[in-house]
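Since the structure comes first, as structure tokens, the remarks are kept for the end.
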Amino acid sequence: MATGFPANRSGARAAVSGKPHTNPRWYVSFQLFSPFIPIIRRMNSLPIDVSRRSRSWLAAAALLTLGLTACGGGGGDSGTPVTADPVAVAGTCNLPNFQQDLLTRINALRAAGADCGSSGVFPATTALSWNAQLTQAADGHAKDMAAKNYFSHTSQDGRTMADRVNATGYAWSSLGENIAAGQPTVESVMSSWRNSPGHCANLMSASYTNVGVSCQPATAQGASYNPYWVMNLGKPR
């Protein structure tokens with residue numbers, strides 16, 4: 001992860017570079033993996049997008065997106081069938097109508113289509129549905145970053161996005177992650193992701209059918225950011 005941080009930072013494994021700002025500090029990031037790329041390069045923190053189809057490199061400012069496949073490499077999968085659980089397990093930062101507000105904003109964007117800058121222009125696509133297993137994985141990572149005062153797609157114990165999702169039993173064919181820190185509302189975090197090419201591309205990708213999001217307040221003493229956001233996107237096998 002790069003030492004410089006932008007005024008607005010969100011995350012899927014991709015980074016928006018810039019100098020630190022104070023009050024508020026907003027960040028975004030995303031990441032990608034590929035069995036065809038032996039070394040996974042990082043630029044600051046990257047948005048994550050994993051799918052059966054290898055993807056092309058996308059670069060803008062300090063943004064990098066790597067293509068990943070679900071079979072072999074990039075963390076693998078658990079082979080466990082997806083089980084639908086309607087019970088929300090994520091933190092909401094005490095924001096009202098958290099799940100519905102997110103779904104409304106995400107699906108309105110997908111229904112309208114979007115120009116994601118250097119990541120391309122995306123046509124209208126199908127709506128996403130909320131998934132408890134993706135939400136569980138997002139919540140665990142948001143809590144971990146909030147408690148340990150770090151901002152990365154890789155957990156401090158070395159686990160990747162794929163590892164965290166696999167642990168929930170979600171068997172995926174496509175997988176992606178956006179993270180963010182410092183945005184106080186659903187509207188502000190969605191704006192940060194929408195205005196970052198890599199994160200926007202994750203939001204608009206037709207490769208995904210499910211989404212889960214968590215927001216957790218910082219609990220570490222002297223925390224650098226507050227709160228922490230994690231969005232996991234996926235498509236089951």
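Report the gain in length on full extension from ASN97 to ALA220: 0.36 nm times residue separation, minus Cα-Cα distance, nm rounded to one decimal.
Once the chain is fully extended between ASN97 and ALA220, it gains 41.6 nm.
For VAL211, VAL121, write out the residues from largest to smallest accessible area, computed with a 1.4 angstrom probe and no ligands counted.
I get VAL121, VAL211, largest accessible area first.
Can you list the residues, at least 5 places off or on another chain, whose amide H is less than 5 Å from the amide H of CYS116, using H built in the peptide plane?
When sequence neighbours closer than 5 places are left aside, the close amide H contacts are VAL121, PHE122.
Using all alpha carbons of region 195-237, what is the percent of pairwise distances in each 5 Å bin, ordered from the shortest bin to the longest?
5, 18, 20, 19, 15, 11, 8, 3, 0
Assuming R0 = 45 Å, can you tell me the calculated FRET efficiency for the pair ALA111 and ASP163, based on Cβ-Cβ distance, to the nearest 0.05?
Calculated value: 0.90.
Give me the 1.4 Å probe accessible area per residue for region 121-228, excluding ligands and nucleic acids, in Å².
It amounts to 31 Å² per residue over region 121-228.
I need the semi-axes of the equivalent ellipsoid of region 87-190: take the C-alpha gyration tensor, multiply each eigenvalue by 5, square-root it, list largest first in whole angstrom.
For region 87-190, the ellipsoid semi-axes come out as 23, 17, 15 Å.
Using a 1.4 Å probe over the heavy atoms of the protein chains, calculate the carbon and sulfur portion of the accessible area of region 80-202 as a whole percent.
Result for region 80-202: 53 percent of the exposed heavy-atom area is carbon or sulfur.
Rounded if a/c is under 1.5, else prolate if a/b beats b/c, else oblate: with a ≥ b ≥ c from the C-alpha gyration tensor eigenvalues square-rooted, which is region 165-237?
Oblate, because a/c is 1.5 or more while a/b does not exceed b/c.
The values are calculated or read from the model by the stated rules, or taken from the named source; none is laboratory data. The structure displayed is predicted, hence computed values, not measured ones. Reconstructed Cβ throughout: ideal geometry from the backbone, glycine too, with neighbour counts over all protein chains shown. SASA here: full protein model, heavy atoms, side chains in, ligands and nucleic acids out. Shrake-Rupley method; radii C 1.70, N 1.55, O 1.52, S 1.80 Å.
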